[in-house]
1. Quick test for you: out of Thr17, Thr76, pick the one residue that is free of Cβ contacts under 8 Å to residues at least 24 places away in the same chain and among the hydroxyl-bearing types (Ser, Thr, Tyr).
2. Taking only pairs six or more apart or across chains, which ones have beta-carbon atoms under 7 Å, a first residue in the range 197-225 that is under 25 Å from Ser47 (Cβ atoms), and a second residue that is of a type in the set (D, E, K, R) and assigned to a helix (DSSP H, G or I)?
3. Is it the case, given these coordinates, that Gly165 is in contact (Cβ under 8 Å) with a residue 24 or more places away in the chain, more than 25 Å from Ser47 (Cβ to Cβ), in the same structural domain as Thr56 (by TED's automatic domain parsing) and over 16 Å from the mean Cα position of the chain (by Cα)?
4. Does the range 24-37 include one or more residues that are over 24 Å from Thr126 (Cβ atoms), modelled with pLDDT under 95 and touching a helix residue (DSSP H, G or I) at 6+ places or on another chain (Cβ under 6 Å)?
5. Looking at (1) farther than 25 Å from Glu186 by Cα; (2) buried (at least 17 other Cβ atoms within 10 Å of the Cβ), find the lone condition where Ala41 falls short.
6. Give just the number: which of (1) in contact (Cβ under 8 Å) with a residue 40 or more places away in the chain; (2) more than 24 Å from Ile53 (Cβ to Cβ); (3) assigned to a helix (DSSP H, G or I) does Phe251 not satisfy?
7. Just give me the residues in the range 48-77 being small (Gly, Ala, Ser), more than 17 Å from Ala119 (Cβ to Cβ) and either at pLDDT 95 or above or outside the structural domain of Val124 (by TED's automatic domain parsing) (or both), in sequence order.
8. Name the residues in the range 125-139 that are at negative phi and assigned to a loop (DSSP other than H, G, I, E, B), would you?
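The values are calculated or read from the model by the stated rules, or taken from the named source; none is laboratory data. In this text, all values refer to a predicted model and were calculated from it rather than measured experimentally. Glycine gets a Cβ as well: all are built from the backbone with ideal geometry, and neighbour counts include every protein chain shown.
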Amino acid sequence: MTQNILTEIDQGVGILTLNRADRHNAFDDITVSEIAMAMSAFNADDSIRAIVISSTGKSFCAGADLNWMTRIAGYTTAENLKDSTAMAEMFRAIAQSPKPVLARVQGPAYGGGVGLVAACDIAVATFDAEFALTETRLGLIPAVISPHVIAAIGERSARRYFLTGERFSAAEAYRMGLLHEMVVDERALDNALGELLKHLLNNGPLAMRECKELIRAVANKTLSLEVLNDTAMRITRQRASAEGREGMRAFLEKRTPNWIAGKKGVPT
């Protein structure tokens, strides 16, 4: 039984919901541990094809909980390192999940909440959502979320928003690449996520996992012989895989591939 999150599996989708609406879904050590464990379980479950991270209440995630921060202020260096490493591992479990991870952002995301959005593969938010990397206001830095946020918004935008700590709109988050879509309200948010999930659930699970690995292997690399050889080997392996062979046969035979539940062998 978890204290601060809810989890469920619905038709191949793992749903992880932050459930501390009274605390604006802020992180504490218990929440971090519960998210990490839930992601580990989802990542290992072959019945789950995609993961959605959402929140209850008006805020998506307000960053660090004030009570937690009060406790952290008295930590030793070793305790601080242990605590920070646990949070970094939580974000890694999201960013390096073998399944597509989607963020359902219905309200403000600050500090680590921005990191949570950035660590997901796809992020959709309502127009009135707002964001801020508030760490410098507290004399801190957005260290463990930085790899994910910089990958999402780029170094130039990070220079501004890491340093100023100012709030920015969903429109600005979309312009920078933190968000993929903006919608008018939560009903539209669920509709947009439903459409995205429909696409994802039609795709080969192994192919999507390999796409995520491919992006990590190729991003920010020069077009070297090593990269060329690596990409050639990756497509060779995928073509030879059972999933790759089934996908190509299904296309040629004009039928649905066997990884789509309930539609095995159905003509397209």
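1. So the residue among Thr17, Thr76 that is free of Cβ contacts under 8 Å to residues at least 24 places away in the same chain and among the hydroxyl-bearing types (Ser, Thr, Tyr) is Thr76.
2. Hits for this filter: Gly204/Glu243; Leu206/Glu243; Ala207/Glu243; Glu210/Arg234; Leu214/Arg234.
3. In short, yes.
4. yes
5. (2)
6. So Phe251 meets the others, but not (1).
7. Answer for the range 48-77, where residues must be small (Gly, Ala, Ser), more than 17 Å from Ala119 (Cβ to Cβ) and either at pLDDT 95 or above or outside the structural domain of Val124 (by TED's automatic domain parsing) (or both): Gly57, Ser59.
8. Phe127, Asp128, Ala129, Leu133, Thr134
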